[in-house]
1. Every residue in the range 39-59 that is modelled with pLDDT under 95 and part of a loop (DSSP other than H, G, I, E, B), please.
2. Here is a check on your reading of the model: is residue 64 open to solvent by less than 60 Å² (accessible area, probe 1.4 Å), part of a helix (DSSP H, G or I), under 14 Å from residue 7 (Cα atoms) and modelled with pLDDT of 95 or more?
3. With the structure loaded, tell me whether residue 69 is touching a Gly at 6+ places or on another chain (Cβ under 8 Å), outside any helix (DSSP H, G or I) and of a type outside the set (Gly, Ala, Ser) or whether it fails that test.
4. Could you tell me which residue of the range 15-28 is surrounded by the fewest Cβ atoms within 10 Å (Cβ to Cβ), considering only residues that are without any contact (Cβ under 8 Å) to a residue 24 or more places away in the chain and closer than 25 Å to residue 51 by Cα?
Amino acid sequence: MDLHEIKRKFPSSSYNPQQFPGAVFKIDLPKTTTLIFRTGNMVCTGAKSEKHAFVALNKVVTLLRSKNIKIKIESNR
């Protein structure tokens, strides 16, 4: 994944490769932070439950796809 493109298309996200190898993508509902890595792996943090994490990741994927960022369909839970 092109993390620079994510930062460009989502100015509220952060990406500083010298500090951390992933982009940091925050959403408000559910209030979570998703770490996105160039390999396509994503880690959701801050969710109150597994269900909220699943909802948050689906929302992040939908937002990324809305800006034409390609996401694979498969996921490992």
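1. 39, 40, 41
2. Working: open to solvent by less than 60 Å² (accessible area, probe 1.4 Å): yes; part of a helix (DSSP H, G or I): yes; under 14 Å from residue 7 (Cα atoms): yes; modelled with pLDDT of 95 or more: yes.
Here the answer is yes, as residue 64 does meet what is asked.
3. Numbers: touching a Gly at 6+ places or on another chain (Cβ under 8 Å): no; outside any helix (DSSP H, G or I): yes; of a type outside the set (Gly, Ala, Ser): yes.
No: the conditions fail for residue 69.
4. Here is the first cut: in the range 15-28, the ones without any contact (Cβ under 8 Å) to a residue 24 or more places away in the chain are 15-24, 26, 28.
Retained after the next criterion (residues that are closer than 25 Å to residue 51 by Cα): 22-24, 26, 28.
Details: 22: 21, 23: 24, 24: 17, 26: 16, 28: 7.
By that ranking, first place goes to 28.
The values are calculated or read from the model by the stated rules, or taken from the named source; none is laboratory data. What you see is a predicted model, and the numbers here were worked out from it, not measured in a lab. Here the Cβ is made from the backbone with ideal geometry for all residues, glycine too, and neighbour counts use every protein chain on show. Protein only, heavy atoms only, side chains kept; ligands, DNA and RNA dropped before computing areas. Shrake-Rupley method; radii C 1.70, N 1.55, O 1.52, S 1.80 Å.
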